[in-house]
1. Taking the condition among the hydroxyl-bearing types (Ser, Thr, Tyr), buried (at least 24 other Cβ atoms within 10 Å of the Cβ) and within 11 Å of ligand 3 (Cβ to nearest atom), does C:Thr47 pass?
2. Take B:Thr177 and tell me if it is away from ligand 5 (no atom under 16 Å from the Cβ) and either within 14 Å of chain D (Cβ to nearest Cβ) or at pLDDT below 95 (or both).
3. At pLDDT 95 or above, away from chain D (no Cβ under 11 Å) and under 18 Å from the mean Cα position of the chain (by Cα): which single residue out of C:Val262, C:Val220 fits that description?
4. Do any helices (runs of 4 or more DSSP H) lying entirely in the range D:240-303 carry at least 3 residues that are open to solvent by less than 20 Å² (accessible area, probe 1.4 Å) and more than 19 Å from C:His200 (Cα to Cα), and which ones are they?
5. Got a number for residues in the range C:11-25 being within 14 Å of chain A (Cβ to nearest Cβ) and open to solvent by 10 Å² or more (accessible area, probe 1.4 Å)?
6. In this structure, does D:Ala61 turn out to be outside any loop (DSSP other than H, G, I, E, B), free of Cβ contacts under 8 Å to residues at least 60 places away in the same chain and either in contact with a Lys or Arg (Cβ under 7 Å, 6 or more places away or on another chain) or open to solvent by 10 Å² or more (accessible area, probe 1.4 Å) (or both)?
Amino acid sequence: MIHQERMKVVRQQQIAEDIFELTLTGQLVLDMKQPGQFVHLRVTDTYEPLLRRPISIASIDHELKEFTMIYRADGRGTKILSEKHLGEVVDVLGPLGHGFPVEEAEPGQTALLVGGGIGVPPLYQLSKELHAKGVRTIHVLGFQSANNVFYEKQFSELDETYIVTADGSQGTKGFVTDLLKGKAPTFDVFYSCGPTPMLSALEQAYPDKKGFLSFEERMGCGIGACFACVCNTTAATDKEYLKICSDGPVFPRGVVKL
Amino acid sequence: MIHQERMKVVRQQQIAEDIFELTLTGQLVLDMKQPGQFVHLRVTDTYEPLLRRPISIASIDHELKEFTMIYRADGRGTKILSEKHLGEVVDVLGPLGHGFPVEEAEPGQTALLVGGGIGVPPLYQLSKELHAKGVRTIHVLGFQSANNVFYEKQFSELDETYIVTADGSQGTKGFVTDLLKGKAPTFDVFYSCGPTPMLSALEQAYPDKKGFLSFEERMGCGIGACFACVCNTTAATDKEYLKICSDGPVFPRGVVKL
Amino acid sequence: MNRLQVELPGLSLKNPIIPASGCFGFGQEYGQFYDLSKLGAIMIKATTLETRFGNPTPRVAETAAGMLNAIGLQNPGLEHVLAHELPWLEKYDVPIIANVAGTETADYVAVAEAISKAPNVHALELNISCPNVKCGGIQFGTDPKSASDLTAAVKAVSDVPVYVKLSPNVTNIAEIAKAVEAGGADGITMINTLIGMRLHPRTGKPIIANGTGGLSGPAVKPVAIRMVHEVSRNVNIPIIGMGGVATAEDVIDFLSVGASAVAVGTANFVDPFVCPNIIDALPQKLDELGYDKLTDVIGRSHR
Amino acid sequence: MNRLQVELPGLSLKNPIIPASGCFGFGQEYGQFYDLSKLGAIMIKATTLETRFGNPTPRVAETAAGMLNAIGLQNPGLEHVLAHELPWLEKYDVPIIANVAGTETADYVAVAEAISKAPNVHALELNISCPNVKCGGIQFGTDPKSASDLTAAVKAVSDVPVYVKLSPNVTNIAEIAKAVEAGGADGITMINTLIGMRLHPRTGKPIIANGTGGLSGPAVKPVAIRMVHEVSRNVNIPIIGMGGVATAEDVIDFLSVGASAVAVGTANFVDPFVCPNIIDALPQKLDELGYDKLTDVIGRSHR
Ligand SMILES: Cc1cc2nc3c(=O)[nH]c(=O)nc-3n(C[C@H](O)[C@H](O)[C@H](O)COP(=O)(O)OP(=O)(O)OC[C@H]3O[C@@H](n4cnc5c(N)ncnc54)[C@H](O)[C@@H]3O)c2cc1C
Ligand SMILES: Cc1cc2nc3c(=O)[nH]c(=O)nc-3n(C[C@H](O)[C@H](O)[C@H](O)COP(=O)(O)OP(=O)(O)OC[C@H]3O[C@@H](n4cnc5c(N)ncnc54)[C@H](O)[C@@H]3O)c2cc1C
Ligand SMILES: Cc1cc2nc3c(=O)[nH]c(=O)nc-3n(C[C@H](O)[C@H](O)[C@H](O)COP(=O)(O)O)c2cc1C
Ligand SMILES: Cc1cc2nc3c(=O)[nH]c(=O)nc-3n(C[C@H](O)[C@H](O)[C@H](O)COP(=O)(O)O)c2cc1C
Ligand code: FES
Ligand code: FES
C-alpha cells in the first residue's frame, strides 16, 4: 500500500563528491517489501521546486522503521534535500513501483549485480536480501571517478566486489562491461540498475541469462496516472507500453525496447 | 549607503499572536542612521516566494552590530521568515529610505508617537533616540486586540504609554483617535506609523501641529527604480509624485495626498 | 443544506472540485488514496477514436513553480474506455466529464456521440486546446470559426451537455469563448496549458522530446485568473476554471472571477490528497469570508 | 579577445547583459551598487512625449515565482529624459537603448526622432507591447499590420537602429515578428509581460488597482524560451531575449534558442547585483560547456 508521510531525518551525511546518504524514519517503512522500489520526495513546502523527486530505496530497517537513500545532489531539488538536518521532515510518497524479484535467485546460486553511478544504491538492499536467503553475489559497480565511489566497503562486506571508474582513478578503467568482458564471471541471474546504455550493453552481453533491469525516466505523478514515464515494449510482452513508475522501474530483460 | 548582506540570526521569538521579534547581526547595521528606515528582506533562495519584504527597523545596537525587527507572520514570506533559527542567514538590503527626523523635536519638548499594529515597531527606536536627546514622549499604540499587543513594557519604560484595542480587550476600546480625543494630550510634534486611515485621521485631528507620517505601499525594488510605490502629492510640494521607498517612507504631514 | 453544492448543465456537483483531464488518468491510481465519491466530478483523460501511444519521452520537465508536459494524448482509445475505464468508475457516486479529443471533426463527433451515451458520463469536455499534438486540437482552439463549427457538430450528436476547453495561447480569449457559446456550448472549461520550452543546461536542446510542452501549475495561475475574469464578463454560460489550483484559497479566487467550479491538475502530482484536502478546507474558508454557501462567492470580483 | 563580446545593429556589447526597460529606471539607483559601465547596455524606462503619472497603486503583486506590475509607463516625459536622464548616463561607457512608447503613431514618431539623436542612445526599443495602458502599446503589438506600419514610420525618422519589443499575448508570435521585420526592424526584443491578475484573498478584488498587470519573472521563462525559439527560426534579424533571466544558465538558455543578448528585469528587484554577478559567471559557464566565446552558443538548440 502506498502512503504519504512526513518522515523525520535520522541521519544525513555526505559520503562522496556530491553524494549524500539520508536515513528517514516513519510508519511507511513497514510497507517496503521489495528491493528496487522507490520513493517520491517533496523537498520543500513552497512551489519552487514544484515536483517530487524519485529516489531509490537503498536499505530498509523494518525494526527501527528506518530506510536509507543515497543520492546525488546536483540539481535544485536534491541540493535542498541535502541541507535537511536531523529532526527536520521530508514529505515522502511511497513505497512505489515494482522492484527486483529476489525469488528469481535460488539459494546456492550466484547473482551478478551491476550498478552504474546513482543506480548502485538499490542493489545494496537487493544484495542483503539475496544473501539472507543464501545466494552468492558478484558486485560490479561503475562510477565516473574515484571521488564519486561510495559503498565499496558495504558491498565488499557482503561479497565479491569490483569497482570500475570511467577515468581509471580507482579499480578498472572504463565501463562495467569492460570489466565483465575481462573477468567473465559465472552466474545464474543478473540484476542491474544504471544508465540505459549500460542496461542495453548488459542485455547484449548475456543474451541467454535471466536478468532484471531497473529503468529511469522523468516523472510527474510517480503512481501511474499521468503517462509521463511510459516506455515502448518489445514483442516479448503483449502490453503496448509500460509505465516505469507503476509497472516498473524493474522489468525482466527483453521487455523494454532499448 | 545601501548594502546587501547575508546577516545572521541572533534571536528570534514570538512576542504576541502572529507577531515575531527578530534580531540580525552584520556590518550593515553600521549604516543605519535614522529611526523609521526599513530593510528589504529576501527570505528564501528559491523563486517562490520571489520578492523581498519591506520591514521597518525597530531598534538598532551599533555596538553589537545588531538590529531588531518586529513583524506579523501571516503571509507566505513572513511565515518562512518566522521559521529562521539562530545562526541561519537572511539576505538583507538596506538601510533604505528616509526615516523620522529626530532633529524636529527640541530637548525639553514633548513628542506624540502614534502607532497602529505593525506600524508600532519603528516608533520604538524613534522614542529611544528622542529620549536620548531629552525629548518627552507620549506613546499611543493601537492594536486589534489584547492578543496582538507587543512592546507595551518597552514603551512604558521609556515614557507615558497608552494602549488602544479595536475590540476593547485591553486598554481603551476603539481607535487611537478615540483615545486622543478623550486625553487631549499637549505636545509639540507628532510622529506616526500605521494604516493610512489612521494617518489621515491624525492629520485632520491636529491641523496646526508639526507632524511626520510613515507610509506603506507594495514594493518592487525598494530603492526607487521601478515606480511601484509612488504616491500622489499635494500642493505643499512641487514634486508631482513621491516614491515611498526612496523619498519616504516618512514624509512631513500634508505632503502626501491622502 | 450542502454549502458546497453547485448545479451546472448536466452536473449536480456535491462540491466544485474536479481533477483535471490528463492529471488523474481514469481514476484508478488516486482511488488507492481516497474514496473517489468524495469528488465533485472527474474529468477523465482525453479519449480519441483509436488507441494513441503519444509522444516520445521525456514527456515532462519542471519549471519555476510549474511544469511542462507533452504526453501527446496517450490513451487506450474509445472502445477500451467504454468497455473498461468507465464501467470501473461506475462503483463511485461521481459524475464523469469525458474529455474528447481528435484530429478532425469526424473523430470528435464519433467519440462524442459514443461516449456521451455511457451511463456515468454526465458531460463532455471538448479538447480543442491540446498544444502537444501535431494536428487537431489546438488549431480548432485558436480560430473562432473552427471552434464554433466543431462545437455545433458535437452538440448535434451528444446526449449530454458539452463544455469546450479553451486554449490560453490566443490573442483574444473572449472572442473564442463567444464563438463556442454561439456554437451551442453549454459551458466552458479553461485554461489548458500555455506553450513553453525548457532546455537541457548542458546540451541546449529541449528536455521534452517533443520540443515544446504545455505549461501548468502555480506559475500560470495569474494568467488563468485573468482569462476567466475576462471570459466570464463576455459569456452567459458557466465556466469551470483551472490553472495552478492547489489550495482552497485558489478555489475561492477562481470562483471570485466567475468560475462555477474548478479543476485541479498538476497539484495532484505534488500531493495526491490535494483534492480531498481542498474539499475539507472549503467550509472553513467560507466561514472566514463570511459566506453561507460557495455559490455566493461566484463572480464577487465583478460586483 | 573578449569572450563575451556581441555585435548587434548599432550596439557593440562588451557582454550580452542588459537591464530590462522599466526595471532599472534611468540607472541612478543601481549606480549606487556598481559601476554601470560594466553592463553590456542599458534599456531605459519607457519614454513618452509628455510626462505620465501612470496607474494608481497598488501597482505590483507577487505571484508564484513571478510578479505582476501595472506601472502604466510612468515617466518624466521626453524633454526631461533628454535634458537630465540621458546626460547623467553619459559618464558611463555603456550604450543606451531607449524604450519608446506612445498612444498613437505620431507620438511614437516624435519621441523616436528626438531621442535617437541623443549622443549615448545607440538603439531604440519600440514598445508595442505594454499591457498596462488603456490605449496605445499593446494593440500595435497584437496586429501584424499595425506593428509593421508603426515600425516603418519609426524607422523613417530614427537616427539609430530600431528594435521592436513583442508581446507574448498573441496567438502567433512568428507572424508579428515577420511583420516587424518586413516593416524594417533591425532587431526584436522579447518578451514583454503576459497579462495576468491576482486577487486579494479577503475581498476577491484584484490587488493591482489597474485590475490586470503584466506577469514577469522566472514563472514566464518557459514561455519566453519557446517564443524566442520560434521567432528565431522565422526571422533574419537578431533577437534580444528576456523573461525570467536570473542566472548565467538562463542567459545560456536564451542564447541557445537564438537570442544574441538578454535583458534582465524582475531579477534586479530580488538581487540588485544580479547583472554584474551574471556577467562575472559567464566565462566559467563557457568553460564548463566547452565554448570559446559566447557567440558560439547562439542558436545551438537549432543545430
Ligand atoms: C525510479 C528512479 C529511481 C531513482 N533513484 C535514484 C537514487 O537512488 N539516487 C539518485 O541520486 N538518483 C536517483 N534517481 C534520479 C533522480 O530522480 C534525479 O537525479 C533527480 O530527480 C534530479 O533532481 P534534481 O533536483 O537534482 O535536479 P533538477 O534538474 O532540479 O530536476 C528537474 C526535474 O527533472 C527531474 N529529473 C532530472 N534528472 C532526472 C533523472 N535522472 N531521472 C528522473 N528525473 C529526473 C527531476 O525529478 C525534476 O522533476 C532515480 C530516478 C528514478 C526515475
Ligand atoms: C516601509 C514599510 C515598512 C514595513 N514595516 C513593517 C514592520 O515593521 N513589521 C511588519 O510586520 N510589517 C511591515 N510592513 C508590512 C510588510 O511589508 C508586509 O506585511 C509584508 O510584506 C507581507 O508579506 P507576507 O509574506 O506576509 O505576505 P504575502 O501576502 O505573501 O505578500 C505578497 C506580496 O505583497 C506584499 N505585501 C503584502 N502586504 C503588504 C503591505 N502591507 N505592505 C507592503 N507590501 C505588502 C509583500 O511584500 C509581497 O510582495 C512594512 C511595509 C512597508 C512598505
Ligand atoms: C501531465 C498532464 C496531462 C494533461 N493531459 C490533458 C488531456 O489529456 N486533456 C486536456 O484537456 N488537458 C490535459 N492537461 C491539461 C490540464 O487538464 C489542465 O488544463 C492544465 O494542466 C492546467 O491546470 P493545472 O495547472 O492545475 O495543472 C494535462 C496536463 C498535464 C500536466
Ligand atoms: C516593474 C516593471 C516595469 C516594466 N516597465 C516596462 C517599460 O516601461 N517598458 C517595457 O518595454 N517593458 C517594461 N517591463 C517589462 C520588462 O522590460 C520585461 O520585458 C519583462 O519584465 C520580462 O522580463 P523579466 O522576467 O526579466 O522581468 C516592465 C517590467 C516590470 C516588472
Ligand atoms: S510518472 Fe505519472 S505515470 Fe509514471
Ligand atoms: S519599490 Fe520600486 S520605486 Fe519604490
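1. Working: among the hydroxyl-bearing types (Ser, Thr, Tyr): yes; buried (at least 24 other Cβ atoms within 10 Å of the Cβ): yes; within 11 Å of ligand 3 (Cβ to nearest atom): yes.
The answer is yes for C:Thr47.
2. On the way: away from ligand 5 (no atom under 16 Å from the Cβ): yes; either within 14 Å of chain D (Cβ to nearest Cβ) or at pLDDT below 95 (or both): yes.
Against the criterion (away from ligand 5 (no atom under 16 Å from the Cβ) and either within 14 Å of chain D (Cβ to nearest Cβ) or at pLDDT below 95 (or both)), B:Thr177 qualifies.
3. Values: C:Val220 fails: away from chain D (no Cβ under 11 Å).
Result of the check over C:Val262, C:Val220: C:Val262.
4. Details: elements: D:248-256, D:267-270, D:274-289.
In the range D:240-303, D:267-270, D:274-289 are the helices (runs of 4 or more DSSP H) which contain 3 or more residues that are open to solvent by less than 20 Å² (accessible area, probe 1.4 Å) and more than 19 Å from C:His200 (Cα to Cα).
5. So in the range C:11-25, the residues within 14 Å of chain A (Cβ to nearest Cβ) come out as C:19-25.
Restricting the remaining residues to those that are open to solvent by 10 Å² or more (accessible area, probe 1.4 Å) gives C:21-23.
Residues that pass the stated criteria total 3.
6. Values: outside any loop (DSSP other than H, G, I, E, B): yes; free of Cβ contacts under 8 Å to residues at least 60 places away in the same chain: no; either in contact with a Lys or Arg (Cβ under 7 Å, 6 or more places away or on another chain) or open to solvent by 10 Å² or more (accessible area, probe 1.4 Å) (or both): yes.
No, not satisfied.
Per-residue answers, yes or no, for (1) part of a loop (DSSP other than H, G, I, E, B); (2) within 16 Å of ligand 6 (Cβ to nearest atom); (3) open to solvent by 10 Å² or more (accessible area, probe 1.4 Å):
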position: A:Pro35; (1), (2), (3): yes, no, no
position: A:Thr68; (1), (2), (3): no, no, yes
position: A:Gly77; (1), (2), (3): no, no, no
position: A:Gly87; (1), (2), (3): yes, no, yes
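Let's see how each residue does on (1) in contact with a helix residue (DSSP H, G or I) (Cβ under 8 Å, 6 or more places away or on another chain); (2) away from ligand 6 (no atom under 14 Å from the Cβ):
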{"position": "B:Ile163", "(1), (2)": "yes, yes"}
{"position": "B:Ala166", "(1), (2)": "no, yes"}
{"position": "B:Gly174", "(1), (2)": "no, yes"}
{"position": "B:Lys181", "(1), (2)": "yes, yes"}
{"position": "B:Met198", "(1), (2)": "yes, yes"}
{"position": "B:Asp208", "(1), (2)": "no, yes"}
{"position": "B:Leu213", "(1), (2)": "yes, yes"}
{"position": "B:Cys229", "(1), (2)": "no, no"}
{"position": "B:Asn232", "(1), (2)": "no, yes"}
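The values are calculated or read from the model by the stated rules, or taken from the named source; none is laboratory data. In this text the structure is predicted, and so the values were computed from the model without any measurement. In this analysis, Cβ positions are derived from the backbone assuming ideal geometry, glycine residues included, and neighbour counts consider all displayed protein chains. When the accessible area is computed, the model is the full protein with side chains, heavy atoms only, and any ligands, DNA or RNA have been set aside. Shrake-Rupley method; radii C 1.70, N 1.55, O 1.52, S 1.80 Å.
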